[in-house]
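Quick notes on the structure that follows.
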Amino acid sequence: MLKHTVYIAAAIAFLTSSLFAESYYNNGVLVEMTPSKLRADKHGEAVYITPNGATIAIGSTVIAALKPDSEAAKNPAAFFYGHGLDIVGTVGSLPLTFKLQPAEGESVFAVARKLFESGEVRYAEPSMTPDRKAFSLSVNDPLGKYAWHLENTESMEVFNWLTAEVVPLNNTFGVDIDVERAWELSTGEGQIIAIFDDGLKTQHEDLVGKNTYGRNLFTGTSIVDPSAEAYAAGAGHGTPVAGIAAAYGNNGKGSVGVAYDTKLSTYKMLHPDSSESLYPNVAEDVLIPAFEHAAQSANVINCSWGGGYVSQVMRDAILRLSKNGRGGKGTIIVFAAGNSALPGKTSTGYDWSHQEAAMEGVIGVGAVKSNGEIASYSNYGKELDICAPSGDFGIVATAPGLADDINDPSYDRLPDYTKNNGYEEYWNVLGQGFNGTSGAAPIVSGAIALALDTNPDLTFNQVKSLLANTAVKMTNFYDFDENGRNDRVGPGTLNAGNLVFAADAVKKLTATKQSISGHFIHFGDGAYDWIYVANGGGALKLTGLNTNTGELTWANLDGTATVNASASSVTFSGVTTGAPSVNGKTYPINGHFIRYGTRTAYEWVYVPHNGSYVAKLEGMGDDGSLKWTLIDTPADPVFSSVSVGADGITFVN
């Protein structure tokens, strides 16, 4: 076959073409790219600006995906050769997706347009390298007692890097991810989180031994430890991101990660920004196979960065992983939403809908402050899949060290924690706290690892729905619509405790057909005016709440209670003590209660007659109200069906 070799003249023609606006079809719509004043990045590739303002380096090849039922799919090489193109590679394992080399002097934009207009391809686009940026400000001190994102108490303090002082945390008590409750069921052992970032300081005291695989996508070599670029150009972002998700717990060092028994794999694909040329990232046809490789061992992939623009081939690859990864259950890919304080999709296009976090098949994460409000920098909107704490002053993380240069004696030395509560030396060297949506994303990745360790059968869609359904909704700040969404924080803030226990409930509910256990009747306004009526007539009166264990306490109700599981009401008679006021009264049955386990007193779910939602019992408030967490809703379904019958309820994944 004739090889269409690109000579120097072709390269010159390619670069001069960047003087003018170019266009190609994205999702069937002609998109115009404007030349950037940068002209070329460090690799000599032309640089363009997308309609939403993102910076993209355009390569000298074209990516095209053939339609499976097209004539071209029968003989791709002949089809592309007929268009003057050589196949020089494929893109990961994406079916019928090829990397193509045009003839010398041909515009990659013109080739992409011609291919799309042929009707034989799903899409065709120039190869792209988006200007991916990490979504955080710097790093934070690894001291667990300041980890307000894990446990937020009224007496919490934080280091204000603007004034270099330790100050009380301006918070609303309880705005954290409730991770200690999640740890009752899982600490993440057996899970792997893949970190795509700027590397990892593998010998960090709180991460040593965690990294199962490392790859530098720029050089193709294994990561041993970032060398002279340790902080400024190496691991200053990836190291704290990894630690937030999975730093060791109970080892007497540093802080603790959300999933502290989880392992890591790391892929270096970020470098620091440059004022002279485009951010030197890896091309998407290199990044996509790396994602596929990571998904072979990692159930969760964390991406605390964004490029501002996503190619069709990247969307294709990510969506495929979310459906086919983990043996068909879907790999969970978490993206930081970004730090531009932009809204979700708008008519003007001035929004974050072009970011990776807005793609179908990913979990997009926003950041909230310690009082539960959306952080001032965070992208926001109903499009967020979840928010997590990161705040303005940041959260504690795994510091990469006190020096940038590996030859500096301080390179491997962590801060002296005895100075100013451990902050003074640290902040004098590194400047600021680790925050941004970069800090929020690994919190969510860690929580998902806990949920998957508890219930490995959860699908991507189930994880996404459970995150939304179990989120804490700060109603003192925000109103939520009928679908549980708010136009600032999406579904609300992550609660890892709710998430993990909901994952456990889903596992147990789908194991067998569940018998209807009975019904709860609220017969008065008192804190303990509750009666439980078992399916068969026995009844219990709520007597209190054990404040040490959090369990409800019950006593037998004298007299009789008649109830039929298929009936719509319960009638009491003959009660002499405990709750005589219920005698002769009929109370409606609006739904059914299932006890799916006996490990705790709260392993109950409620299902209405029509099976339209499933709610899990979480506890009891001081006002006597039972506290529930939604598991399955019409807006965010977890089960494919919930069938209510006279003999029980069937939950189908």
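The values are calculated or read from the model by the stated rules, or taken from the named source; none is laboratory data. Worth saying up front: this structure is predicted, and the values here are computed from it rather than measured. As a convention, Cβ positions derive from the backbone with ideal geometry for all residues, glycine included, and neighbour counts pool all protein chains shown. Please note that ligands, DNA and RNA were not included when accessible areas were found on the heavy atoms of the full protein model with its side chains. Shrake-Rupley method; radii C 1.70, N 1.55, O 1.52, S 1.80 Å.
Quick look at the numbers
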| quantity | calculated |
| --- | --- |
| Candidate set: the stretch 323-346, residues that are touching a Gly at 6+ places or on another chain (Cβ under 7 Å) and not β-branched (Val, Ile, Thr); chosen: the one modelled with the lowest pLDDT | Gly344 |
| Residue within the stretch 355-367 that is touching a strand residue (DSSP E or B) at 6+ places or on another chain (Cβ under 9 Å), over 27 Å from Gly92 (Cβ atoms) and buried (at least 24 other Cβ atoms within 10 Å of the Cβ) present | yes |
| Within the stretch 182-196, tally of residues that are among the aliphatic types (A, V, I, L, M) and within 15 Å of the chain's Cα centre (by Cα) | 4 |
| In the stretch 613-653, the residues that are open to solvent by 30 Å² or more (accessible area, probe 1.4 Å), assigned to a loop (DSSP other than H, G, I, E, B) and either in contact with a strand residue (DSSP E or B) (Cβ under 8 Å, 6 or more places away or on another chain) or under 18 Å from Leu542 (Cα atoms) (or both) | Tyr613, Asp622, Asp623, Ser625, Ser640 |
| Among residues of the stretch 580-612, those that are under 33 Å from the mean Cα position of the chain (by Cα), of a type in the set (Ser, Thr, Tyr) and open to solvent by less than 80 Å² (accessible area, probe 1.4 Å), counted | 5 |
| Residue match in the stretch 302-321 (condition: closer than 25 Å to Asn379 by Cα, assigned to a strand (DSSP E or B), β-branched (Val, Ile, Thr) and touching a strand residue (DSSP E or B) at 6+ places or on another chain (Cβ under 9 Å)) | no |
| The stretch 244-254 - residue that is within 15 Å of Phe434 (Cα to Cα) and touching a strand residue (DSSP E or B) at 6+ places or on another chain (Cβ under 9 Å) and, of those, modelled with the lowest pLDDT | Ile244 |
